[in-house]
Structure formats: structure tokens, C-alpha cells
Amino acid sequence: MLGGKPGSGPETTRAQLPGYVVAVLAVGLALLVKLLLDPLIEEETPFLLFLGAVIVGAWFGGLGPGLLATALAALTADYFFLSPNYTLLVEDSGQVLRLVLFVLEGSFISLLVATMRSARRQSEARTLQSRRDQEDLLRSEERFRATFEQAAVGIAHVGFGGEWLRVNQKLCDIVGYTREELLERTFQDITHPDDLQEDLDMFVPLMAGEISTYSMEKRYLHKDGSTVWINLTVSVACDGKGKPGYCISVIEDVTRRKQVEEAQRFLAEVGDTLSSSLDYRTTLAGVARLAVPHLADWCVVDVCEEDGVLERVAVAHQDPEKVALAHALQERYPPDPDGSYGVARVLNSGRPELVAEIPEPLLEEAAHDAEHREILQDLGLESYLVVPLVARGRALGTITLVSAESGRRYGPADLELAEELARRAALAVDNARLYRERSETARALQGSLLPSSLPEVPGVEVGLRYLPAGEADVGGDFYDVFDTTVRCCKGSPEPSGLSSWGVVIGDVCGKGAEAAAVLALARYTVRAVAMHEKSPTAILAGLNEAMLRQRREHDDHKFCTVAYAKLKADDAERGVKVSLSLGGHPAPVLLEAGGSTRRIGESGRALGVFDDPGLTSQEARLAPGDTLVFYTDGVTEARSPDGAFFGEERLLSLLRACAGLDASTLAARVESAVLDFQENASRDDIAVLVLRVPE
């Protein structure tokens, strides 16, 4: 199928039909008028009325109806008014010429009128389009003005020299200037000096066309002197020829986000400081130093000691001389514990106190005398807030933040941050005190369960090193050395008996109060059984029976490993006889005077678990210069930071290197080596008991 020309479809034809009807009616009307007025109109003028019909047809219908009217008018005039009448034949050449001229005139008039009609319509269309374009432009300007003025961010047009050309109200709100005040300044005037160069380093290439846009975070100086953090995005607006005309700056106020980020960083540093030590005086002093100048020009921390006395534990300022002045004022003018403001009020009420601007009457009330008042005025104190240190419902002290030379005015956001700081500090103080109390209790209990000192064993050096893994819990390792010599009723040794001694070292599973109960049971059971049993195997069997009874009666599933040795002097050969039994404990190491090592005894099973722990006894002799080293698993199972075990081979190698050392020195060497291996991060109790026969 062939595509039709634009405007030639059925819809176009229907739209032009009225024009053709008008053309036909106009010709018919001209004929009627001519016939009615025939007596009055000269016979030579039939074409005049028909020209009017052509003009009407062309005006209302266009070129097509105009040509139709011309054709109909020519035929009608020929038929009715040119001789011979009532026929389309024309005999007179003059009339033929007139008819031809009429057709030409009609065609020309139709073309002329159609052109005028089209020009008029085009003019009307252009006028209408211009009116629409003007309305669209007005609406666009209104939308731009609304967007510019009602935007939630600051928007500005900035000249090449940095001058403000146009600013919206949001930008004025961000920096605190009126529109008129801002238009008299440049962006350089209100940019923080520390951020200006970085901004210019990007602004200049933007104006030179080297970059099309840039973004950065920087600070503006508010009209009131405070700092405003903004997120700035700048792009270039070009004219029709592509030349840069001005800059478009979009400014978002991110001060609150920056404050939150800085607060989080500050609190993270505070957390690190508070967790660095259990000495809360040290950590609170560190917190005070962190608060200056982040939160204040002055920071003071006061803590209520357990006896109720309020003690100042920290004063911080960037100027050490002012810190010294604060201490001097504290000593010379001690605060009133019943005061109606400041630390006293906060301690008594448990609620914070914020003074955004310190009034002169408050300084007058705080001053003890004229000299004191003059000192306070010279310090230039502007604003302060005091927050309580509260833990478990008790006020432990206060943190005081004071603004002076910085001119800072405290508000709700500062109070919120200070309260979080105080909450963390109070928790640290409370935890430190609880840990100290628990440590003191553990030390007292540990001291009551273990010998305060070891006795002197004739002919044997005794060396001991004991280190519990933590201060706050009772350790599970235990040891003892006691006299088992059989004595007569008067307290002297039996005539046939030589002096003998019991040596015990063990490890109770677990820590804390439950381990302490098992430790006491083990130590004192061994002593009690040793009063009537001489064999190490029998003594450990008695302990096993006692622990099994404890398990059955109290559903106590604690157990322990124990090594028990009986020492007996061998005066004939200047040595010591050793009888040894092990209840699941690591076998002691015999370090001979020549430096060789070997283990003594079979480990057997832990006590308190099996009815038959598989106990055996082994005899050995310590010659002069020989050393017997007992230890707990905290030695061989010590781990380095990378997870490696200290191990038995490392221990044996260490002992061989220590041949010839006295008992105390050797025990200390073992302890030191284990701690160095763990980098002083002990995870288990360490006990080393050394027996040596001097040469």
C-alpha cells in the first residue's frame, strides 16, 4: 500500500467539508442575488457578485473551496448570463475572454485569500504558542523560586571572586546572617581559616574549567562566633556560549552529624582509657585530660570515698599553671558540702546542673572574699555543667565541665554527652571498687588456705613460687610442707626414728569459692591422714575416699590432682630418701647434680572421681646437689600469644640449664620463663615447689 500525504486522510477531508459547502452556498447566494436584482444590476456585471462568492469560499474554506467556487461561478455565469443563455456554449470571443479572465482572477483571489488565511492562522498559532511559552516560563520561574527559597539545604549563586550573588533563606539560617548582610560578604569571609585554602584549591580550577564540580566538608563561622560544619557541593553555571557565568553552591548543615561522630570518637577514647587500668584514680585523670579541650576548658572530677569524704581526684586544663592554681584554690577555699549549687547540689539531688551563662551574682555567691572573687573573674568563666557519677542507685561523685576562654555555651547536646561520659566513668569506679573488694576477699581466703610460710627442712633447701591467675578469685593450686616425724609423748622424736617430712602439691579443678572448699578439704585431709598413715599411697587413698564421700553427700563433682612425697633423712650417705605417689598429677622432675633429668613416679588417676585411682608408690634418693622439682599444669600448659604450649621438653631443657642453682633461684627461673613465654598474660595458676640437697 502507498502511504498517503500528511493531511490527506479521511479526518482531514471531513474537516475541510464545511468549507466546500460554504463555497457552493456562496455561489448559489450570488446567483440568487443576481436573479433578484437583475433589473437593477447591469447585464455586464455578473462576475462581480461571483467574485464575492469566490472570496467567501476561499476565506472560510481555503484554496480548495475557493477554486471550487471559481469553477461553479464560471459555469453558472456562462449558463445564466452569457449568450446564448441556458447553455454552456459561448459564441462571442469577447465573452470567452471575460470568462477566462474571471477564472484566472478567481484562482488568483483564491490563492491570495488562502495565503492570507494561512498566514493569519500561523500568526494566531505563534501568538498562542508565545503566550503558552510565557506562561510556562512564569511557572518555571515560580518553581525555581520556590525550590530555591524553600529548599531544605542552603543554595547560593557565587561570583568568580567569591561574592554571594544570590542566597536562599536556609543558607541565612545556617550561618546566622540576614540576606543583606550575606550579600555584602564573600564565602571567604565566613569560611573557617583552617579550611579556606582547601576550598580555594578546588574553587580556582572550577572557575578555569578544569573541573566541572567538587564536594567537600568544611566549616563556616556563624555570626555568633560558633563553628558550623557543612557539606558543600559546587558546580558551574555556563551561559549560552558555554562560558562560565557563576557558581551554584549547595550547602547542607551537617553540624549535628559531626557532633555525633566526634562524641562517638570521644566516648571510644574514654572507653579505652577507663578499661586500661583498675586504678580508677588513674583512669579518671585520663578522662579529664581527654575532656579538655574536646568538651571543656576545665574538667574536674570529684569522688566520694568509701568513708564518705569527697576527694578531688582530677583537675585538667591545657595550661599547667592554671591546674596548679585550681589545686591551690581548692586547698585555700574548700567547697561547702551543703552548698545550693554546683557539686554539692548535684551530689545531694543526684541530678545534673547546667548553667549556659554564668551570671555575675553566682560568682559573687561563690567567692569567699574579694581576692577570691577577683581570681574567679580573671579566669573568665562563661558556662558550666555538673553531672553525677551514679552506679547502682548511688552517687559516687561528680564530673564538672567549665567553659572559659573558648567562649563555649553549654546546651542540651553537651549535657547528653556529659551524662553518658559520667555513666561510663561511674561504672568504671564501681567495678574497680568491687574488684578491689573481691580481690581482698580472695587474698584473705587464699592466705587462710595456704601456708603463710614454709618450714625449714633439715638438710634440704625448699624453694617456692606461687602465682594465682587472677586477683579476684581463689586459685585452685595448693601446696604444703609439714613435719611427719613420729614423736614420743614428750614431743621429741622416737629413739629409733629419723626426721621425716610430708610434701604435697596439687591442683583443684575450677576457681573461686567452690574450689576453695575443695582445696581446704584436700590440704587438711592430707595432713590428718598423714598423722596415722606413713605410706604416700595410703595418704592419697584416704584423700580420694574423703572426696568421694563429699561427692555423694553434696553432689559435688569437684576433683583434684595431687603429688605427695615423704622425705626422710639418710644421714649415712648425706642424702634424702623420697617415697612418692601421684594422683593424676604431673610427675616431678629429678635434676641431678650433673645436669641430667628424669621423671619420678606414675601419674595414676585424678582423685575424687574413681573408687580405685590406680595409685602406686616409687622410691628415689636425692644425693647432694640433686634437685626434685614439683609443678602444676599451669607451667607446661602455659600458652604463648600464638597458641603454642610451653610443654614438658621446654621445661626439661630449662631445668638442665639451671643445674647447680639453689632451690629458690631455680623456682624463680621457672616462673619467670613461663611468664615471659606467655608475655605476662597468665591464664592459669602457676605453682613450683623445689627441693634440693645442698652439696
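The values are calculated or read from the model by the stated rules, or taken from the named source; none is laboratory data. Owing to the predicted nature of the structure, the values given are computational and were not obtained by experimental measurement. Because the Cβ atoms are built from the backbone with ideal geometry, glycine has one as well, and the counts that use them run over all protein chains shown.
Couple of notes before you dig in:
- Reported count of residues in segment 168-192, each being under 24 Å from Asp239 (Cβ atoms) and more than 35 Å from the chain's Cα centre (by Cα), is 2.
- Some residue of segment 273-286 being closer than 26 Å to Asp378 by Cα and buried (at least 16 other Cβ atoms within 10 Å of the Cβ): yes
- Counting the residues of segment 385-407 that are out of contact with any Asp or Glu (no Cβ under 7 Å at 6 or more places or on another chain) and in contact (Cβ under 8 Å) with a residue 40 or more places away in the chain gives 7.
- Residue that is surrounded by the fewest Cβ atoms within 10 Å (Cβ to Cβ) [pool: residues in segment 324-343 that are touching a residue at least 40 places away in the same chain (Cβ under 8 Å) and closer than 17 Å to Gly397 by Cβ]: Gly342
- Selection status of Glu357, of a type in the set (Asp, Glu), buried (at least 17 other Cβ atoms within 10 Å of the Cβ), under 35 Å from the mean Cα position of the chain (by Cα) and assigned by TED's automatic domain parsing to the domain that holds Ala426: no
- Residues that are crowded, with 18+ Cβ neighbours inside 10 Å, more than 19 Å from Leu112 (Cα to Cα) and not charged (D, E, K, R) were ranked within segment 61-82; the one that is modelled with the highest pLDDT is Thr76.
- Filter pass, Leu654 being outside any loop (DSSP other than H, G, I, E, B), modelled with pLDDT of 90 or more and touching a strand residue (DSSP E or B) at 6+ places or on another chain (Cβ under 6 Å): no
- Qualifying residue in segment 507-517 (condition: in contact with a strand residue (DSSP E or B) (Cβ under 9 Å, 6 or more places away or on another chain), closer than 26 Å to Gly575 by Cα, surrounded by 18 or more Cβ atoms within 10 Å (Cβ to Cβ) and at pLDDT 90 or above): no
- Segment 246-289, residues that are aliphatic (A, V, I, L, M) and under 17 Å from the mean Cα position of the chain (by Cα): Val254, Val260, Ala263, Leu267, Ala268, Val270
- Any hit, segment 339-352, residues being over 27 Å from Val270 (Cβ atoms) and assigned by TED's automatic domain parsing to the domain that holds Arg424: yes
- Boolean, Thr627 is assigned by TED's automatic domain parsing to the domain that holds Leu464, touching a residue at least 24 places away in the same chain (Cβ under 8 Å) and either closer than 26 Å to His557 by Cβ or of a type in the set (Lys, Arg) (or both): no
- Residue match in segment 252-261 (condition: hydroxyl-bearing (Ser, Thr, Tyr) and under 21 Å from Ser215 (Cα atoms)): yes
- Cβ-Cβ contacts under 7 Å between residues 6 or more apart (or on different chains), taken from a first residue in segment 453-470 that is buried (at least 17 other Cβ atoms within 10 Å of the Cβ) to a second residue that is assigned to a loop (DSSP other than H, G, I, E, B) and among the small types (Gly, Ala, Ser), are listed as Pro468/Gly475.
- Matching residues in segment 414-426 - criterion: being in contact with a helix residue (DSSP H, G or I) (Cβ under 7 Å, 6 or more places away or on another chain) and acidic (Asp, Glu): Glu420
- Residue satisfying condition, being surrounded by 11 or more Cβ atoms within 10 Å (Cβ to Cβ), part of a helix (DSSP H, G or I), charged (D, E, K, R) and in contact (Cβ under 8 Å) with a residue 24 or more places away in the chain, within set Arg117, Arg121: Arg117
- Of all residues making up segment 228-263, the number that are of a type outside the set (Gly, Ala, Ser) and loosely packed, with under 12 Cβ neighbours inside 10 Å: 4
- Residues being surrounded by 14 or more Cβ atoms within 10 Å (Cβ to Cβ) and either farther than 23 Å from Cys172 by Cβ or touching a residue at least 40 places away in the same chain (Cβ under 8 Å) (or both) - total across segment 183-199: 1
- Number of residues in segment 351-369 that are touching a Lys or Arg at 6+ places or on another chain (Cβ under 9 Å), touching a residue at least 12 places away in the same chain (Cβ under 8 Å) and outside any helix (DSSP H, G or I): the value is 5.
- Residue match in segment 212-224 (condition: modelled with pLDDT under 90, under 26 Å from Tyr177 (Cα atoms) and in contact with a His (Cβ under 8 Å, 6 or more places away or on another chain)): no
- Residue in segment 370-383 that is of a type outside the set (Lys, Arg), part of a strand (DSSP E or B) and buried (at least 16 other Cβ atoms within 10 Å of the Cβ) present: yes
- Pick from segment 630-645, criterion buried (at least 20 other Cβ atoms within 10 Å of the Cβ) and either touching an Asp or Glu at 6+ places or on another chain (Cβ under 8 Å) or outside the structural domain of Val670 (by TED's automatic domain parsing) (or both), ranking: nearest to His585 (Cα to Cα): Thr632
- Restricted to strands (runs of 3 or more DSSP E) entirely inside segment 199-307, those with at least 1 residues that are in contact with a Gly (Cβ under 7 Å, 6 or more places away or on another chain) and either of a type outside the set (Gly, Ala, Ser) or assigned by TED's automatic domain parsing to the domain that holds Gly342 (or both) are 227-238, 244-253, 298-304.
- Sole residue being farther than 30 Å from Gly225 by Cβ and either in the same structural domain as Ser275 (by TED's automatic domain parsing) or in contact with a helix residue (DSSP H, G or I) (Cβ under 8 Å, 6 or more places away or on another chain) (or both), chosen from Gly411, Gly380, Gly393: Gly393
- Residue, nearest to Asp253 (Cα to Cα), within segment 156-181, restricted to residues that are touching a residue at least 60 places away in the same chain (Cβ under 8 Å) and touching a Ser or Thr at 6+ places or on another chain (Cβ under 7 Å): Ala156
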